[in-house]
Amino acid sequence: MWLDKAVRAAHDAQRMSKIEFKSHVPVAQKTALEALLFFNSCQERVSECIADAIEKFGAPEIVADRDRLRIHMKDLPDVQSLFAIDAVSGRPVGVAVYSRQDVEHVTVVHLGITAEFASGGPRAGEQLLLKLLREVRRSTRRVKGVRSLELYYATGRTATPRWRPAAKVLM
């Protein structure tokens, strides 16, 4: 019985390869990046949000920069990307595209994770989307002046702040 558990645990560890976070993807992974960004089977869940984001910020484009791929958006010249990369295969399994909207605010304008990590997928328990957003937040904390990180898909597609004003004190 304990041998079966050990074998299953070893198999699960092999299946759950390590995820690395990087600002680029190797050119050799262009097809996988296109599938993640443009042909993602999870897009239907947030298709209206994606359409709104494209209307407001422009469509993401994959561009080659020497031996690396990155995301470019015509209407957001300072856009940055963070990719979740499967360390074994080098395949991108997640992406967050974000931009500093002003001195204090960074907005994640596009997100994508592969179906295997999405809700209901075999690796959903690894919570890749949460880890990806935590990495974006961690990287933006190092930027002077940034006070908030907003997720465009979750804000009702408005620029209203998510915090409440302080209540007035009655005297």
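The values are calculated or read from the model by the stated rules, or taken from the named source; none is laboratory data. Model, not experiment: these values are computed from the prediction. Heads up, the Cβs are rebuilt from the backbone with ideal geometry, glycines too, and the neighbour counts pull from every protein chain shown.
Can you report the number of residues in the stretch 85-124 which are under 18 Å from Ser47 (Cα atoms), in a loop (DSSP other than H, G, I, E, B) and in contact (Cβ under 8 Å) with a residue 40 or more places away in the chain?
Result for the stretch 85-124: 3.
When the residues of the stretch 125-138 are filtered to those that are within 25 Å of Pro77 (Cα to Cα) and in contact (Cβ under 8 Å) with a residue 12 or more places away in the chain, which remaining residue is farthest from the chain's Cα centre (by Cα)? Before you say what the answer is, go through the steps one by one.
From the stretch 125-138, those within 25 Å of Pro77 (Cα to Cα) are 129, 132-138; that's our starting set.
In the following step, the residues that additionally are in contact (Cβ under 8 Å) with a residue 12 or more places away in the chain were identified as 129, 132-133, 135-137.
On the way: Leu129: 6, Leu132: 5, Leu133: 6, Glu135: 9, Val136: 8, Arg137: 11 Å.
Per the criteria, the residue is Arg137.
Considering only residues that are in contact with a Ser or Thr (Cβ under 9 Å, 6 or more places away or on another chain) and either at pLDDT 90 or above or not charged (D, E, K, R) (or both), which ones fall in the stretch 95-109?
Val95, Ala96, Val97, Tyr98, Ser99, Gln101, His105, Val106, Thr107, Val108, Val109
Within the set of pairs 6+ apart or on separate chains, which have a first residue in the stretch 47-62 that is in contact (Cβ under 8 Å) with a residue 40 or more places away in the chain, a second that is in a loop (DSSP other than H, G, I, E, B) and not acidic (Asp, Glu), and C-beta atoms under 7 Å apart?
Cys49/Arg157; Asp52/Arg157
Out of all the residues in the stretch 48-66, which are assigned to a helix (DSSP H, G or I) and more than 13 Å from His110 (Cβ to Cβ)?
Glu48
Would it be correct to say that Ile54 is farther than 23 Å from Lys18 by Cβ and of a type outside the set (Asp, Glu)?
Details: farther than 23 Å from Lys18 by Cβ: yes; of a type outside the set (Asp, Glu): yes.
For Ile54, the condition - farther than 23 Å from Lys18 by Cβ and of a type outside the set (Asp, Glu) - is met.
Can you go through Leu33, Leu3, Leu69, Leu82 and tell me which one is modelled with pLDDT of 90 or more and in a helix (DSSP H, G or I)?
Values: Leu3 fails: modelled with pLDDT of 90 or more; Leu69 fails: in a helix (DSSP H, G or I); Leu82 fails: in a helix (DSSP H, G or I).
Going through Leu33, Leu3, Leu69, Leu82 in turn, the sole match is Leu33.
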